[in-house]
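Contents: one structure, followed by commentary.
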Amino acid sequence: MPVGTLIAIFDTTHETLRAEDYFRDAGVAFKPVLKPRKIGSACRMALQFEEKYLPSALAAVGKGKLALKAFYRKSGEQWQRLD
């Protein structure tokens, strides 16, 4: 599995803003970005981070009981949902 760029998509902008605090506390280096249009969600924001932070991001989502839609991996020009 190649290491690359991931984004976390949440249900709402408010939830994404909450997630920033939990990601920070978990030591996840992230940046807020606009959600790619091809990915469906009411929220227009996403949190982008390196794949090496995925375990910490998962822990942050669980700790905050965040409404995560999905994590996506950048592959060329496409975003692939992680299952």
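Here, each number is a calculation from the coordinates, and none is a lab measurement. Because the structure is predicted, anything quoted here is derived from the model rather than measured. Note that we place each Cβ from the backbone using ideal geometry, even for glycine, and neighbour counts take in every protein chain shown.
Given only helices, namely DSSP H runs of n ≥ 4 each adding -39500 (n - 2.57), what is the per-residue ellipticity at 222 nm of the chain, to the nearest 500 deg cm²/dmol?
It lands at -9000 deg cm²/dmol.
Only one of the values [x] 99; [y] 113; [z] 83 was calculated from this structure for volume of the Cα convex hull per residue in Å³; name its label.
Computed from these coordinates, volume of the Cα convex hull per residue in Å³ corresponds to label [z].
What are the residues whose amide H is under 5 Å from the amide H of Asp11, where those residues sit 5 or more places off or on another chain and H is modelled from the backbone?
Result for Asp11 returns Ala67, Lys69.
Taking the Cα centre of the range 5-81 as origin and charging only Cβ (+1 Lys, Arg; -1 Asp, Glu), how large is the dipole, in debye to the nearest 20?
Dipole of the range 5-81, to the nearest 20 debye: 220 debye.
Please give me the summed charge of the neighbours of Ala67: other residues whose Cβ is under 10 Å from its Cβ, Lys and Arg +1, Asp and Glu -1.
Its environment carries a net charge of +1.
Taking the alpha-carbon distance from Lys52 and a cut-off under 14 Å, which aspartates and glutamates remain once sequence neighbours fewer than 8 residues away in the same chain are dropped?
Straight-line reach from Lys52, under 14 Å: no aspartates and glutamates qualify.
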